[in-house]
Structures are given as structure tokens and as C-alpha cells.
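The values are calculated or read from the model by the stated rules, or taken from the named source; none is laboratory data. This is a predicted model, so every value here is computed, not measured. Positions of Cβ are backbone-derived with ideal geometry, glycine not excepted, and every protein chain shown enters the neighbour counts. Note: areas computed on protein heavy atoms with side chains; ligands, DNA, RNA excluded. Shrake-Rupley method; radii C 1.70, N 1.55, O 1.52, S 1.80 Å.
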Amino acid sequence: MNIVDLEHEFMKRIKADQKIEPKDWMPEKYRQTLIRQIAQHAHSEIVGMLPEANYISRAPTLRRKAALLAKIQDEAGHGLYLYCAAETLGVDRDTLLDELHSGKAKYSSIFNYPTLTWADMGAIGWLVDGAAILNQVPLCKCSFGPYARAMVRVCKEESFHQRQGYEILLTLCNGSEEQKKMAQDAVNRWWWPSMMMFGPSDENSKHSAYSMETGIKKFSNDELRQRFVDQTKPQADILGVTLPDKDLKFDESSGHWKYGEIDWEEFNNVIQGNGPCNKIRLKHRREAWEKGAWVRDAASAYAAKKALKNSESKQVA
Ligand code: FAQ
């Protein structure tokens, strides 16, 4: 088949909602778009452990500490599934990690904000995981098989994360005046960065058109952002917190909550490496990588020893 026929067959499969698997023919642009998105997603899960890790030693009770630890470990697992999914596209993990550690690769803007109080653990679970779920549930139906399958498990776990975050805030909101203030302050600080997680507005999203045409993305950035606002506003009312947007109001004609202008200058600054915590996050990531060198060396030495033993026993047989 020539390239035109191959492209035609590929698009036919996409339109028929069939999964594309790693050994199938795919256009180079599709492969590169997937590597970019999956790698950024994997890096986000890994860097995303850092803001919450700050609170493992400060959790108010043993139960809270165990739940937070479990959540952070889940994020590590998500990163690993995603690196595996990216590897099926022919890129190796060391290259991806080098790109993260050198600052070349992007990861979600949200993880470049500081966690200042325990209430931030609630706000991250409720808002950040809430936004992540809305974005990721459609990815379970993504046209690329390994990414879609990885997302199924990730979404189940994110759903638990969102509830544990909401429950932290609910407890604070039913507590003392000081606790209520702490919850409100966290919501004030995390609301707009969570809105930015969905990416640039549709008219400025450079990859959306191709990703939607090829079934990588099922909904646009603005569609998902709107769903997030519609879902979150009633939950905020139950908590008794306000969302820090003076323009937020219900629009009877569309049935949606209309929201105010996003500060795109702030968003662009953060994704260009100039957010409040970009430098410290990368520093901690690099340190963690260096500290883990002995584990990687030990695992390789063990694997090499096992391979040698296997080949010796085959020779004897
Ligand atoms: N931050 O053309 P678009 C989580 C970049 S996981 C940084 O619209 P696209 C779990 C974009 O990469 C959170 N960069 O791009 C958790 C592109 O840059 P490039 C991560 C952003 O790909 C919870 C440029 O702007 N989730 O939270 C952001 O079509 C709690 C133009 O943008 C995913 O990665 C941003 N927010 O749409 C962990 C989900 N937005 O490559 C721990 C999968 C955009 O041209 C604790 N990813 N950019 O240099 C996606 O759905 C998409 O990649 C979007 C962006 C929607 C993020």
C-alpha cells in the first residue's frame, strides 16, 4: 500500500472507533502527537507527587497520613503506566526523563504552585483531581489502545483521590471558624490554576484540531473546562465555600455557569518555566533521580545476574 492508501485506511479505522495498536501503521504526526501528550501526562503525574509529599509528615492524623501516602503512591503508578504507554510508540524512557530533568519537557502548570496549608491537600484532591478526571475519562476512549487502557485504571484511582480531597475540605468546612477560613483560602488559591489545567482556549490550542480529528482527544479544552465549572459550582455550595470569580453566574439560556476571564499571561508564564515553584520542583525531581541511582544500578545488576543464571541453566539442559 502506498502512503495515501495507508492514511486512508488509518482514518477509516479512527472513524469506525477502532483502536490503533503499537504495531499498526500510523502517521508520523499521530505518533509524535501521542508521544508529546503521553509524556507530558506522565511527567505531570510524577512531578504532581511533590506538592502533596510536602504534607506526608504533617498530616493531622494517622488515617489522613495513610490516605495521602496511598494517593501519592497511586500518582507514581500512573506515571509508570504512562511512560510504558509512551515506550510502545518507540521512544525510550531515559530520553523522556532527560527531557523532564533538563527542563525541556512540559508538565501540567498546576504543579508549579505552592502548598501552604493542610487545606491545600483537600483543594488539590477536590479541584485538581476533579479537573484531571474530567480530562481523563474521555481519554479512556482515546484511539490509541495502550493510552486508553492505562487511563481506565488511572481514572478509577483519581476518583478515590477526588473524594478524599472533598472529604478533607468537608471536615474543615464543618469545623472551627479558623478551619473554614483555611478551606476558603485554599479554594481561592487553587481555583484559577485548576481552570488553567485544561489548556489554552480553543482558538489558541494548536494541537486540538488534529488530536480531535484522530480521536486522541474527544472534547476540546473549553468544553472540558465548562464541564468542570458546571460540576464544581454545586459542590462548592455544599461545602459552603465561594469560588473566587465575581463573574460566575448561571446562564438560563445555555444551562451553564458562565465564568470570568482566565489570566492567560499567568498561564503562559507558568508553562514557560516562570511559575512560583517551577525551579524548586525540577530541583527536587533531579535530586530524587540522583538519589535513586543505587536502586536502578541494583535492579540492573540483579537482572543481569538472573539472565546469566538462566542462560547457564539452558546450556546445562
Ligand atoms: N500545563 O494545543 P494545546 C493530574 C501546553 S495529571 C502545561 O491545547 P493539547 C493527576 C501543551 O502541552 C495532569 N502545559 O495542547 C494528578 C502544548 O505545549 P507544546 C495532566 C500545557 O495537548 C492530580 C501547548 O500548551 N493531565 O493532574 C497545559 O492539545 C493530583 C498548547 O496546548 C494531562 O496531561 C497545562 N495545563 O492539550 C497528579 C492529561 N495545557 O507541547 C498529582 C492529558 C496546555 O506544544 C496530583 N493531556 N499545555 O509545547 C491533555 O489532555 C492535553 O495535553 C491538554 C493540552 C489538555 C493538557
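What do you reckon, how do Ile280, Ile56 stack up by accessible area (1.4 Å probe), largest on top? Show your work: numbers first, answer last.
Working: Ile280 70, Ile56 40 Å².
Ranked from most to least accessible, the order is Ile280, Ile56.
Once amide H atoms are placed 1.01 Å from N in the peptide plane, what residues at a sequence separation of 5 or more from Ile20, or on another chain, have their amide H within under 5 Å of its amide H?
The list, which skips near neighbours in sequence, is Phe144, Gly145.
Please compute the modelled spin-label separation between Arg36 and Glu266, points set 7 Å along Cα→Cβ, answer in nm with one decimal.
The two pseudo-label positions are separated by 2.6 nm.
For the chain, modelled as a GNM with alpha-carbon contacts under 10 angstrom, which of Lys65, Lys258, Lys305 fluctuates the most?
Lys305
Using the Karplus curve 6.51 cos²θ - 1.76 cosθ + 1.60 with θ = phi - 60°, what ³J(HN,Hα) values do you get for each residue of segment 107-123, in whole Hz, with x for Gly and Pro?
9, 4, 3, 4, 7, 9, 10, x, 9, 9, 9, 4, 4, 5, 5, x, 5
Take the Cα gyration tensor of segment 264-315, multiply each eigenvalue by 5, square-root it, and list the three semi-axes largest first, rounded to whole angstrom. Please report the intermediate quantities before stating the final value.
On the way: eigenvalues 397, 30, 3 Å².
Semi-axis lengths for segment 264-315 are 45, 12, 4 Å.
Choose one answer from His161, His207, His41: the residue with the largest mean-square fluctuation in a GNM of the chain with alpha-carbon springs under 10 Å.
Residue with maximal mean-square fluctuation among His161, His207, His41: His207.
Using only the alpha-carbon atoms, how far is helix 293-316 inclined from the longest principal axis of the chain? Give it as 0 to 90 degrees, nearest 10.
On a 0 to 90 degree scale, this one is about 30.
Under 10 Å, Cα contacts only: if you run a Gaussian network model on the chain, which one of Ala303, Ala67, Ala186 comes out with the highest mean-square fluctuation?
Top of the fluctuation ranking is Ala303.
Starting from the amide H of Lys217, placed 1.01 Å from N in the peptide plane, find each other amide H under 5 Å away whose residue is 5 or more places distant or on another chain.
Here Met212 satisfy the definition.
Just to be sure I follow the definition: excluding the sites themselves, where is the longest run in the chain that has none of the GluC sites (Glu not before Pro) in a DSSP loop with at most 12 other Cβ atoms within 10 Å? It would help to have the intermediate numbers written out before the result.
Values: sites that count: Glu252, Glu261.
Value returned for the longest uninterrupted segment is 1-251.
For segment 191-253, state which trypsin sites (Lys or Arg not before Pro) are in a DSSP loop and have at most 14 other beta carbons lying within 10 Å of their beta carbon.
Values: sites: Lys206, Lys217, Lys218, Arg225, Arg227, Lys246, Lys249; in loops: Lys206, Lys217, Lys218, Lys246.
Sparse-neighbourhood loop trypsin sites (Lys or Arg not before Pro): Lys206, Lys246.
Any idea which of Ala53, Phe144, Ala119 is furthest toward the positive side of the dipole for the chain, if Lys and Arg beta-carbons carry +1 and Asp and Glu beta-carbons -1?
Ala53
Helix-derived [θ] at 222 nm for the chain: sum -39500 (n - 2.57) over DSSP H runs of at least 4, divide by residue count, nearest 500? Can you show the working numbers first?
Details: 14 runs with 204 residues, N = 317.
Value at 222 nm, helices only: -21000 deg cm²/dmol.
What is the helix-to-structure angle for 145-173, meaning the angle in degrees between its Cα long axis and the longest Cα principal axis of the chain, kept from 0 to 90 and rounded to the nearest 10?
30 degrees
Can you tell me the convex hull volume per residue for segment 78-211, based on C-alpha atoms, in Å³ to the nearest whole number? All intermediate terms of the calculation are to be shown ahead of the outcome.
Numbers: hull volume 16.3 nm³, N = 134.
Cα convex hull per residue, to the nearest whole number: 122 Å³.
Need one number: the % of Cα-Cα pairs in segment 38-140 sitting beyond the 22 Å mark.
On the way: 1726 of 5253 pairs.
Tail fraction, whole percent: 33.
List the lysines whose alpha-carbon lies under 19 Å from that of Lys306, not counting same-chain residues fewer than 8 positions away?
Lys314
Calculate the dipole size of segment 219-317 relative to its Cα centre from +1 charges on Lys and Arg beta carbons and -1 charges on Asp and Glu beta carbons; express the result in debye to the nearest 20.
Details: 17 positive and 16 negative charges, 241 e Å.
Taking the Cα centre of segment 219-317 as origin, the dipole is about 1160 debye.
What does the convex hull of the alpha-carbon atoms of segment 1-82 project to on average, in nm²? Walk me through the numbers on the way to the answer.
Working: hull surface 28.4 nm².
That works out to 7.1 nm², a quarter of the Cα hull's surface.
Quick query: amide H of His256 versus all other amide H atoms, modeled in the peptide plane; which residues come in under 5 Å with a sequence gap of 5 or more or a different chain?
Asp251
Before I look further, what does the chain give for accessible area per residue, probe 1.4 Å, in whole square angstrom?
Working: 16500 Å² over 317 residues.
Accessible surface, normalised per residue, equals 52 Å².
Quick check: from the Cα gyration tensor, does segment 125-187 come out rounded (a/c under 1.5), prolate or oblate? Intermediate values should be presented prior to the final figure.
Details: a/c = 5.95, a/b = 3.40, b/c = 1.75.
Here segment 125-187 falls in the prolate category.
If you roll a 1.4 Å probe over the chain with all protein chains in place, what percent of the accessible area is carbon or sulfur? Walk me through the numbers on the way to the answer.
Working: 9210 of 16500 Å².
Ligands and nucleic acids excluded, carbon and sulfur reach 56 percent.
Per residue of segment 207-218, in order, report the coupling 6.51 cos²θ - 1.76 cosθ + 1.60 (Karplus, θ = phi - 60°) as ³J(HN,Hα) in whole Hz, putting x for Gly and Pro.
Along segment 207-218, the couplings run 9, 4, 4, 5, 5, 6, 5, 9, x, 6, 9, 9 Hz.
Cα-based Rg of the chain per 2.2 N^0.38 Å, rounded to two decimals? If you can, show how the numbers build up before the last one.
On the way: Rg = 21.6 Å, N = 317, 2.2 N^0.38 = 19.6 Å.
It is 1.10.
Residue-wise, which Karplus ³J(HN,Hα) couplings in Hz belong to segment 30-37, taking 6.51 cos²θ - 1.76 cosθ + 1.60, θ = phi - 60°, and x for glycine or proline?
Here the 3J(HN,Hα) series is 5, 4, 5, 5, 5, 4, 4, 5 Hz.
Compute the helix-to-body angle for 62-87: its Cα long axis versus the longest principal axis of the chain, expressed 0 to 90° and rounded to tens.
40 degrees
Give the cross-link partners of Lys233 among the lysines, using a straight C-alpha distance below 18 Å as the criterion and excluding same-chain residues fewer than 8 apart.
Cross-link targets: Lys180, Lys246, Lys249, Lys258.
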